[in-house]
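Structure, as structure tokens:
The values are calculated or read from the model by the stated rules, or taken from the named source; none is laboratory data. No experiment lies behind these values; they were computed from the predicted model shown. As a convention, Cβ positions derive from the backbone with ideal geometry for all residues, glycine included, and neighbour counts pool all protein chains shown. To get the accessible areas, we keep the full protein, side chains included, count just its heavy atoms, and leave off ligands, DNA and RNA. Shrake-Rupley method; radii C 1.70, N 1.55, O 1.52, S 1.80 Å.
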Amino acid sequence: KTIYMINDNIPSEFELAGIKFKVVEKENIKDDDTELYGEFDTNQNTIILAKTIYGEEITPQTKINTFYHELAHVLQYYYDNGLDESFAQSVGNLLMQYNQTKK
């Protein structure tokens, strides 16, 4: 099976706990008047990453960090149905560092 990648570090799909997740990009993501870097759609099992925020292109490194932040939300949601921002940021940072430094 061919796995397509959004970039060298972000897959377009993956599976955890027997569930298929998609990763897609959108020009921008809004929550009321606030633009977001990304979000996890719990109903569609989809991580959505913004291409721009407030009209500025998001850097590849920030997009990777956002992917891992949203992946941490996936892990948390399927553990206790919660979505805690500080948990996602901490675990996302650790997952990103692990993946970028493994040999």
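For the chain, what is the mean residue ellipticity at 222 nm derived from helices alone (per DSSP H run of n ≥ 4: -39500 (n - 2.57); sum divided by total residues; nearest 500 deg cm²/dmol)? Before the final figure, lay out each step's value.
Details: 2 runs with 38 residues, N = 103.
-12500 deg cm²/dmol, from helical runs alone.
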Note, the range 86-103: 3J(HN,Hα) by Karplus (6.51, -1.76, 1.60, θ = phi - 60°), whole Hz, Gly/Pro = x, goes 5, 4, 4, 5, 5, 5, x, 4, 5, 4, 5, 5, 4, 5, 7, 10, 5, 10
Please go through the range 37-103 and write out the chymotrypsin sites (Phe, Trp or Tyr not before Pro) that DSSP classes as loop and that have at most 14 other C-beta atoms within 10 Å. Y54
Using label points projected 7 Å from each Cα along Cα→Cβ, tell me how many nm separate Q97 and E15, to one decimal. 3.2 nm
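Write down the accessible area per residue of the chain in Å², having rolled a 1.4 Å probe over the full set of protein chains.
Details: 6790 Å² over 103 residues.
Solvent-accessible surface per residue comes out at 66 Å².
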List the residues, sorted by chain then number, that are 5 or more residues from I53 or on another chain and whose placed amide H is less than 5 Å from its amide H. I58
Mind ordering 91-97, 55-61 by average Cβ neighbours within 10 Å, highest first? 91-97, 55-61
Show me, for the range 32-49, the HN-Hα J-couplings you get by feeding each phi into the Karplus relation (A = 6.51, B = -1.76, C = 1.60, θ = phi - 60°), rounded to Hz, glycine and proline as x. 6, 9, 9, 8, 10, 6, x, 7, 10, 8, 5, 6, 9, 6, 10, 9, 10, 10
Over all Cα pairs of the chain, the Kirkwood radius sets Rh, and Rg/Rh then becomes 0.95
